[in-house]
Every structure is written in C-alpha cells, then in structure tokens.
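So the structure is just underneath, and the comments pick up after that.
The values are calculated or read from the model by the stated rules, or taken from the named source; none is laboratory data. All values derive from a computational prediction rather than experimental measurement. Cβ coordinates were reconstructed from backbone atoms using ideal geometry, including for glycine residues, and neighbour counts include every protein chain displayed.
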Amino acid sequence: MARWGRRAVLVGAGALAGGWAARAWGPSLPSRAGTVPLGDADGALVLNDASGLSPTPVASHTVLVEDAGPLLRNKLLNEIEDAAAAGQPVAVGAARHSMGGHALPPGGRAVTFDNGFVEPRQAAGTFVAHAGARWSQVIAALDPLGWSPKVMQSNNDFGVAATFCVNAHGWPAPHGPMGATVRSVRMVTAAGEWVTCSREENADLFAMTMGGYGLTGLITDLEVEMVPNRRLVPDFADVDGADLGAALAAAVRAEGVEMAYGRLDVTRARFFDRGLVIAYRPDADQDALPPAPGSRWMSHVSRHIFRAQTGNETVKRLRWAVEAGIGPFAGGGAVTRNALINEPVATLDDRDPGRTDILHEYFVPVEAFGVFVAACRAVIPASYQELLNVTLRYVDTDAESWLSYAPGPRIAAVMLFSQEMTRRAEADMARMTRALIDRVLDLGGSYYLPYRPHATQAQFVRAYPRAPEFAARKREIDPDLRFRNRFWHDYLEAL
Ligand SMILES: Cc1cc2nc3c(=O)[nH]c(=O)nc-3n(C[C@H](O)[C@H](O)[C@H](O)COP(=O)(O)OP(=O)(O)OC[C@H]3O[C@@H](n4cnc5c(N)ncnc54)[C@H](O)[C@@H]3O)c2cc1C
C-alpha cells in the first residue's frame, strides 16, 4: 500500500493553474486564478477555472484532504446538510481545468478534493485512488512497480474522479474513454447514502456518473485498471491532411501499437494540408526501465517554439519543419509509456496575461475526416483566433455513458487556441465554435463538453441525444437539485 504526499491546502490547487497571475479583462471581468478564492468588489468569494473566463461567486469553498472513509463521508454529509438548510447547491472539483464552470456551484458550496491516496492492487491489475488523486500521484505510485494507467489524458494534473466525470480519453491505443477502465466507484448521493456503483451494482447510476459532470453524486474513491509500463519506440509517418484520420485509425489497429497520435500543419498558407502519425510500439529491450521524469526535456525546448507561434507564421512554419523533419530524429528515441504521459500542463503554459489558452475538441467518424478537414479550412482561418496546435487521437466506441461523445469509433481532434482576453475575442470565439459544431454535427460527429460553453442548447441536444433522459433521471435521484454546477444551468436545466 503506498501513500503519497498531499498538496498544501489551496496552494496545491492554485499551483495547478500553472501559477497564472490575475489578469485584467475589464471591470467586472474575471481574473485567472484557478481555485484560489478572490474577493470581488463586494467582498464575495469568487472562484474561477482554467480558462480564467468563468468567475463564479460561491457561498463557501472547502478543501478536503481526508482519505475516503467515514470522516470524509461525514464531511460531505455536512456539506450537503448545510447546503440544504441554506437552499444552496454543492459541486466538487479537483484541478478545475474544465473551462465552463463545470466544477463551480453559483452561490453554493464549492468543495475541492485534495486527497491523493493511491493503492495499487497488482494481482487484480487495478489501483484504488481517492477521488482527489491526480494522475501525477497515480504514476508516482505505479511507476516503481512497473505499472501504468491504462487510459488517462495527455497531461498529469487532473483528478482521477474528475477524469471519470468528464469521461476523458487519451492517446493510449486502441481504447475508448477512461470510464471503460473503471471497475467501480463509491459515491455519496443526494439522499446521503454512501453507495458503490459498478457494472453489476447500481449500474444505471454508474453509467450516468461516467461523463455526468458530478451531477449524480460526490465520488469518494474508485478502482481503475492499469497495464504494464513499457519502453516504447516511435514510428513517424507523413500523410496528406485529409487522409490523417484513416491513417491514425489504421495505426492504432496495427499489431503491437500501444500509443498513437496525429498532428496537423496549422500554418495559414498550408492549413491542414499535411499531417503526421506518430505510433509507439514496445522496444525489444524491456530491461531496467528508468523512472518516469515529471517532464521531458523535449517538452521544455518545444515550449519556446510553441509559444512564439502566436501571431507569427514564420515560427509556425519552423515548428512544423522541426516536427515533421527533425522531430523523428531528435525526439525519436525509446521512452517509457509513463514518461510520455507524466507531463504537467504547466510545461506549455501561456505566461502572457493578455491571452488565455482555449481548447476545443471534436469527435469525427473516421470515414468523415476528409469532410471535417474541409470544414475546418472554411471556418477557422476566417476567424480572428490563433490556432497553435491540433492533436488527433483515436477513441473507441463508448456505448456505456449516457452522455457519450463516441457512439462509434471516432477521431478526436483537439485544438488549442490562444485567445485574447477581450470581449471581442470572446464573441468571435463563440461564433466560430458554433460554426464548427454545426459542421461536425452535420457529418455525424460530436464535440467535447468540458470546454467553453459556446454551443447552443439545440446543438447540445443534437450532439448528446440522451441529455433529456439524463436530466429527467437526475431530477428523480436528486429532487432538490442539490448537486448543481454551471454546466447544469447552461445546458440541462431547461430540458
Ligand atoms: C491543458 C488541458 C489538456 C487536456 N487534455 C485532455 C485530454 O488529453 N483528454 C481529455 O479527454 N481531456 C483533456 N482535457 C480536459 C480535462 O480532462 C477536463 O477538463 C477535466 O475535467 C480536468 O480534470 P480536473 O481535475 O481539472 O476536473 P474539474 O474541472 O475539477 O472537474 C471536472 C468535473 O468533474 C466533477 N468532479 C470532480 N471531482 C469529482 C468528485 N470527486 N465527485 C463528483 N464530481 C466530481 C466536477 O464537478 C466537474 O463537473 C484537457 C484539459 C486541459 C486544460
């Protein structure tokens, strides 16, 4: 059984926002401070998320460091009872890297889980994590034993329970979202019961909670599958942009591939013309695996080029040349699976107080990828937004979660934009996001929910057809709507 050091209260949670300083955006506009509480003009407690664009006044903010046990359950029951007495909502968060206030209860009781206990169960091929454990703590527990998370995001800052609640995915292949690797969760319900949910026990609640954005209960701990850590070597293939979806799908299905992703050229002159597929297979040498470093040197070198791309087409061209030309040689050596995923968000952090990083993600049927590329060419360069990066992953079918974004195999296109912190840029981003979502829905795809809430209500229901059923069942199991966040108010409340 391993126990890993906990972050200091609040300092840890704030540090996960990458040391972002408060930034001015107008008198009543947000400052960017992760979960660090701020006072607004009236002295109210205001929390924010990673976008810096979701300032939300809350009644209280409690950081819980207790292990998943009776003490933690009692503290959660107290939160629920106090909230009920005051007629307030409750929402739990971990790193609050979702970008639309998904972990923020307007006027309510915000709870941050900072309990990082991880217990590997090698005989079962699983680990048990307390809800606030971050992936960096999971890797720290598994790596010395030769194990690795089966599916997680591309960065290690996020909470494990939060990952289940957004049903995140990553680039380990050929898997579906992370929820598929979760055996069971324990959670405190709105009725005050501490229940276990799995595919065998409370199966509906399990499937609703997977990708249910914390609206069904407060998770205390969960059991998740792991796989052997291995030394991997990459293969690089340069393909036409429109063919990249099919090439990535073929790569992940190829013999022995354990990790794979794609990249697209984002220079304006050759927008999405060329693509790269990078696929990792086990090395012949699996002896004496080195410990996973917290961040690889290549990532730090790349940061300078990555950030210099903002408003600079020459640097974008240079970056693509490096990635497509030199990358296969410079970064092409053997590396362990854990080293590849043990990367903090802060490595690529934007240190410009006038801008914020905004992610988009679209899930596209493999056969429609060429149409998607054409849609992006029509929509993105016509906006004022600065697209710095597109990474592609393969996501296998998720037929379990009620709010599934992958009803069939999908190519996930993750886009990282650098957005000005101005009202004009926000309005332009909202318009462009809606235009892209329309195109993606037309080709049978979907968009990812943890990012900015720019989709219309109609787009949301079209992308997530079980949303009305989710909202109706939520009202049955939580009739006082005790668990609410901005995602509920933005999209589900009206259904
Ligand atoms: C730089 C960056 C890279 C990313 N990369 C990826 C990626 O590769 N793949 C991917 O799929 N996603 C990715 N994401 C999205 C990310 O997975 C989500 O934003 C996720 O929510 C982040 O985890 P968190 O700890 O910040 O969650 P939070 O924002 O704190 O919470 C997310 C949701 O989970 C709920 N929740 C959290 N803990 C609990 C609990 N104990 N009980 C009940 N509900 C809970 C919250 O209420 C909220 O609704 C990325 C985001 C960023 C900013």
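Tell me, yes or no, whether region 459-469 has at least one residue that is in the same structural domain as Phe306 (by TED's automatic domain parsing), among the hydroxyl-bearing types (Ser, Thr, Tyr) and within 14 Å of Tyr213 (Cβ to Cβ).
No, the conditions are met nowhere in region 459-469.
Could we say that Leu436 is under 19 Å from Ala458 (Cβ atoms), in contact (Cβ under 8 Å) with a residue 24 or more places away in the chain and within 12 Å of the ligand (Cβ to nearest atom) here?
On the way: under 19 Å from Ala458 (Cβ atoms): yes; in contact (Cβ under 8 Å) with a residue 24 or more places away in the chain: yes; within 12 Å of the ligand (Cβ to nearest atom): no.
Criteria not met by Leu436.
Suppose we filter region 45-97 for residues that are more than 26 Å from Val118 (Cα to Cα) and in contact with a helix residue (DSSP H, G or I) (Cβ under 9 Å, 6 or more places away or on another chain); how many remain?
7
Out of (1) within 12 Å of the ligand (Cβ to nearest atom); (2) surrounded by fewer than 24 Cβ atoms within 10 Å (Cβ to Cβ); (3) not β-branched (Val, Ile, Thr), what's the single condition that is false for Cys165?
So Cys165 meets the others, but not (2).
In region 131-162, what residues are among the charged types (D, E, K, R) and within 10 Å of the ligand (Cβ to nearest atom)? Talk me through it step by step, then tell me what you get.
Start the filter on region 131-162 by keeping residues that are among the charged types (D, E, K, R), which leaves 134, 143, 150, 157.
Hits for region 131-162 are Arg134, Asp157.
With Arg475, Arg462, Arg482, Arg423 as the choices, which residue is out of contact with any Cys (no Cβ under 9 Å at 6 or more places or on another chain) and buried (at least 18 other Cβ atoms within 10 Å of the Cβ)? Reasoning before the result, please.
Numbers: Arg475 fails: buried (at least 18 other Cβ atoms within 10 Å of the Cβ); Arg462 fails: buried (at least 18 other Cβ atoms within 10 Å of the Cβ); Arg423 fails: buried (at least 18 other Cβ atoms within 10 Å of the Cβ).
Every option except Arg482 fails the conditions.
Report, by residue number, each residue of region 460-478 that is free of Cβ contacts under 8 Å to residues at least 40 places away in the same chain and not aliphatic (A, V, I, L, M). So that I can check it myself, show each step before the final result.
The initial filter retains those residues of region 460-478 that are free of Cβ contacts under 8 Å to residues at least 40 places away in the same chain, namely 460-462, 465, 468, 471-472, 475-476.
Across region 460-478, the qualifying residues are Phe460, Arg462, Pro465, Pro468, Arg475, Glu476.
Could you grab me the full set of residues in region 115-130 that are among the hydrophobic types (A, V, I, L, M, F, W, C), out of contact with any Pro (no Cβ under 6 Å at 6 or more places or on another chain) and either away from the ligand (no atom under 12 Å from the Cβ) or free of Cβ contacts under 8 Å to residues at least 24 places away in the same chain (or both)? If you could, list the steps in order and put the result at the bottom.
Taking region 115-130 first, the residues among the hydrophobic types (A, V, I, L, M, F, W, C) are 117-118, 123-124, 127-129.
Next, only the ones that are out of contact with any Pro (no Cβ under 6 Å at 6 or more places or on another chain) stay: 117-118, 123-124, 128-129.
Across region 115-130, the qualifying residues are Phe117, Val118, Ala123, Ala124, Val128.
Given Asp428, Asp438, Asp398, which one is part of a helix (DSSP H, G or I) and within 30 Å of Arg473 (Cβ to Cβ)?
Working: Asp428 fails: within 30 Å of Arg473 (Cβ to Cβ); Asp398 fails: part of a helix (DSSP H, G or I).
When all the criteria are applied, what remains is Asp438.
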